[in-house]
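All of the numbers you see were taken from the coordinates with simple rules; none came from a lab. Being a predicted model, the structure only gives us computed values, none of them experimental. For neighbour counting, all protein chains shown are included, and Cβ atoms are generated from backbone atoms with ideal geometry for every residue, glycine included.
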Amino acid sequence: MSKVQTDRTADAIVARANARFDKWLDERHVATDRFFAWLLAGQWLFGIALALTISPHAWSGKVESIHAHVWLATLLGGAIISLPLLLIAVRPGRGMTRHVVALGQMLISALLIHLTGGRIETHFHVFVSLAFLAFYLDWRVLVTATLVVVADHLLLGLFLPESVYGVANPEWWRFLEHAFWVLFLISVLVYGCASTIKTWVGFAQEVVMLEALAERQLDTAPSEGA
Amino acid sequence: MSARCLPWSRLGLGLAAVLWVLGVGGGFAGMIVYKTTPGLAAAPPATWPDASRIEPAHDRSTLVMFAHPKCTCTRASLHELGELLARVDKPPRVVVAFVLPDGTGDDWRDTDLWQSAEAIPGVSVVADRGSREANLFASRTSGTALLYDAAGRLAFAGGITSMRGHEGDSAGQERMVALLSGHAPDRATSSVFGCDLGAEPKEKSHE
Amino acid sequence: MTRVAATKYDQVSIRVDGGGERKMGPSEFAALPINERVSAVLQKRLKFYLRGVEVSEREALKPD
């Protein structure tokens, strides 16, 4: 085999391997999208159940009405998950879909926190959500999610600091304390995503080398390029 | 890219995204407005009303909180009441009066809020049948806290939460603590966040 | 790649243009561009060794 033929054969083998890896990653993204479709829908229903349990009614004297939290959980919750679910249905596996899912997931966190009156325990949902988003193995999605948390803290911290920090006049550096824990988790998750991708690239390359060996032993030219 | 994409045009998805941003943004804005819109402010008498059946203390301040037994936002007010009392060295006499409008049954006395109030150390819980006391003290919103000094003079009227159903520090709590610690607060009132007590209106006003 | 190589071989020899040989460890070999490694396999320019003893390509490249 001449050098030119060899290089062409090598390119074809590597291109096939890249296509296989891309397909695997796309399948991973689509499967994670489906997971989030169920998760988002489940969280929406959970929010409604939470509102119906904690604050089902508002009162004016002895006249009861449906509490605003029930409407918020139903309508705002439904609105939050609508675009992610639409994109999961019509554009599964796409980068934009993952980012919108991340937006939706973090906004659901914000809604649940408000439905429970800022309860500390509900804030754990933020960290759990970031961990789930790591299933995409796409670090950029984690950045999007983190930006939502930052924006929420900045806006509410400016106008309603008690809702974020639990005190009326937080120290100027208080947001750094919150930022530290989020960044700590994000660093670990990003490393995990990158490490997993690297491992799978390594596996794919092992297969490529074996294919090259088989190709040489069969002594056939590649049937197609990329 | 997946082969499962369905035929939605970029324009269609773009419109959906715009609607989504507006809907979700509007929803959150509405939620914040709801949570931070106070209830009707109290217009209590400047001195302890003689007609009240609640006995005030004469050797210290008296704090009376009016609460709707079923108002979920008041859960936070009661929690903050407990926090407030833990912060002061000389706690006042504290009475939580649950307002029971005419025609309500015994199930209005058997609520988790009632039990929560009874569980706070140093707090007396009374039933305000027919909203009599709420009317006397002109309190319209659940969670209204009134502080009268040992001489029966009104020192503070308002709420002790920062927004509806939200635990944590608030301007009202800080002012109450300042008063009970012998300091002058910046204001003698604060917003109250809770359900309408349904008491007889003396005047309608928002803080 | 490095994990596999550690058990299958500890040295790689690549025949370069001009007849010479370039020796390297598993990590250095894994760091070469994949196209270069595939070309080397196709042109039979690789030899793998484990503790000084040559091992077959098939054994060396077999994944765990």
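Counting lysine pairs in the protein assembly as shown whose alpha carbons fall under 18 angstrom apart, excluding pairs fewer than 8 residues apart on the same chain, gives 11. A cut-off of 5 Å between modelled amide H atoms, ignoring neighbours fewer than 5 places along the same chain, links B:Thr141 with B:Leu197. With a simple spin-label model that places each label point 7 Å from the Cα along the Cα-to-Cβ direction, the separation between B:Asp102 and A:Leu210 comes to 8.7 nm.
Centre-to-centre separation between the Cα atoms of the range B:126-161 and those of the range A:31-98: 38 Å. The Kirkwood hydrodynamic radius of the protein assembly as shown, based on inverse pair distances between different Cα atoms, is 27.5 Å. The string of couplings for the range B:41-49 from the Karplus curve (6.51, -1.76, 1.60, θ = phi - 60°) is 6, 7, 10, x, x, 5, 10, 4, x Hz, one whole number per residue in order, with x for Gly and Pro.
So which DSSP H runs in chain A come out at 18 Å plus along the axis (Cα) with average Kyte-Doolittle of at least 1.0? Answer set is A:77-90, A:95-115, A:139-159.
The calculated FRET efficiency for A:Ser195 paired with B:Tyr34, based on their beta-carbon distance and R0 = 51 Å, is about 0.70. Rounded to 0.05, the FRET efficiency of the C:Asn35 and B:Leu19 pair, given R0 = 35 Å and the Cβ-Cβ distance, is 0.15. Taking the alpha carbon gyration tensor of chain A, multiplying each eigenvalue by 5 and rooting it gives semi-axes of 49, 21, 11 Å, largest first.
In this structure, the amide hydrogen of A:His57, modeled 1.01 Å from its nitrogen in the peptide plane, lies closer than 5 angstrom to those of A:His67, counting only residues at least 5 positions away or on a different chain. Amide hydrogen proximity for C:Glu54: with H placed 1.01 Å from N in the peptide plane, no residue at 5 or more positions away or on another chain lies under 5 Å.
With all pairs of separate Cα atoms included, chain C yields a Kirkwood hydrodynamic radius of 11.7 Å.
Calculated from the alpha-carbon coordinates, the range B:62-180 shows an Rg and a Dmax of 13.3, 41 Å respectively. Each residue, C:Ser56 and B:Arg53, gets one label point 7 Å from its Cα in the Cβ direction; the gap between the two is 10.1 nm.
Here the calculated FRET efficiency for A:His57 and A:Leu158, from their Cβ-Cβ distance with R0 = 51 Å, stands at 0.95, rounded to the nearest 0.05. Pairwise inverse Cα distances across chain B, averaged and inverted, put the Kirkwood hydrodynamic radius at 18.4 Å. The HN-Hα couplings worked out from phi for the range C:50-58 by the Karplus form 6.51 cos²θ - 1.76 cosθ + 1.60 (θ = phi - 60°) are 10, 6, x, 9, 5, 10, 5, 4, 4 Hz, whole numbers, x standing for Gly and Pro. For chain B, the membrane-span-like helices by this rule, meaning whole DSSP H stretches whose C-alpha atoms cover at least 18 Å of axis and whose Kyte-Doolittle mean is 1.0 or above, are B:10-36; this says nothing about an actual membrane. Net charge in the neighbourhood of B:Thr111 (other residues with Cβ under 12 Å of its Cβ; Lys, Arg +1, Asp, Glu -1) is -2.
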